[in-house]
Amino acid sequence: MAERQRNPDGIDAHIPYLLVDPVIVVRTERPYTGEVPTIFVGFVHEEFYQQYYTDRQWQNDAERIGRLFRFDVNNNTFHFKIKTGNQAEEIDYELLRTQTDEAIQMINRARTKKLRIIGLGFGWSNAIPEALESLIRAWNMPLNEKEIQLVAVGDSKYAHYLKFCQSICLKQLCNQVQYYNTMDYKENGCLRSDIGRILQDHSPSGAATPTSP
């Protein structure tokens, strides 16, 4: 093992000693469209939120994404609505486990090599990546054949969905992930001209495809 070199100033950056596990390869490509088993996931909030996200808003956004990616939102889809209780942080985990099991059954019945995941609504919780990772692990398909398209209807300022893509690639849970963030594109579908600033403030642009070597 290489000997660790101490910084004389006493401040050391975190740098591993060895290169062992895979890295992420990033490239751009055309997003695939059409009928692919699709999971919608996100929070539906009650009115105690100053900015709440209703079932009606959910359905409207789902239909718009369906038109963009050319698929029927009522066919071969599962809606993973995480509804909060009387406090914003309250989540019905029993219902979430039931929904996860139902979504796994839908995917495995389809015997698909591609899966589309769409993040809707406001807010984030560790419950989202935990449920999605369980679903991907239970997807009955060889790891090197699994392809995921993740569409974020506006990622958070912490790029939670992008980091989830990074996580499942580094854990080698699938072969590749397409990431598309709606906020990176203008209404006409073209990349925004201020994308450089967006990259700094939020997250890398959509259609970037991290792959597991």
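Things worth noting here:
- Residues whose placed amide H lies under 5 Å from that of A152, excluding near-sequence neighbours: G119, Y180, N181, T182
- Extension gain from K113 to T33, taking 0.36 nm per residue of separation minus the Cα-Cα distance: 27.4 nm
- Taking N as the residue count of the stretch 56-152, its C-alpha radius of gyration divided by 2.2 N^0.38 Å amounts to 1.11.
- Across K113/K186; K146/K186; K163/K186, pairs whose alpha-carbon gap is larger than 27 Å: K113/K186; K146/K186
- Prolate/oblate/rounded label for the stretch 38-201 (Cα gyration tensor, a/c 1.5): rounded
- Theoretical FRET efficiency, 1/(1+(r/R0)^6), r = Cβ-Cβ of Y158 and R70, R0 22 Å, to 0.05: 0.15
- Given their separation in residues at 0.36 nm each and the Cα-Cα distance between them, S167 and Y93 gain 24.4 nm when the chain is fully extended.
- Loop sites in the stretch 87-148: GluC sites (Glu not before Pro), DSSP, at most 15 other Cβ within 10 Å: E89, E90
- Considering only the stretch 38-201, percent of DSSP beta bridges that pair antiparallel, nearest 5: 10 percent
- The phi-based Karplus calculation (6.51 cos²θ - 1.76 cosθ + 1.60; θ = phi - 60°) puts the 3J(HN,Hα) values of the stretch 134-148 at 4, 5, 5, 5, 8, 5, 7, 8, x, 4, 6, 10, 7, 10, 10 Hz, whole numbers, x for Gly and Pro.
Every number in this text was worked out from the coordinates using simple rules, so none of it is lab data. None of the values given here were measured: they were computed from a predicted structure. Heads up, the Cβs are rebuilt from the backbone with ideal geometry, glycines too, and the neighbour counts pull from every protein chain shown.
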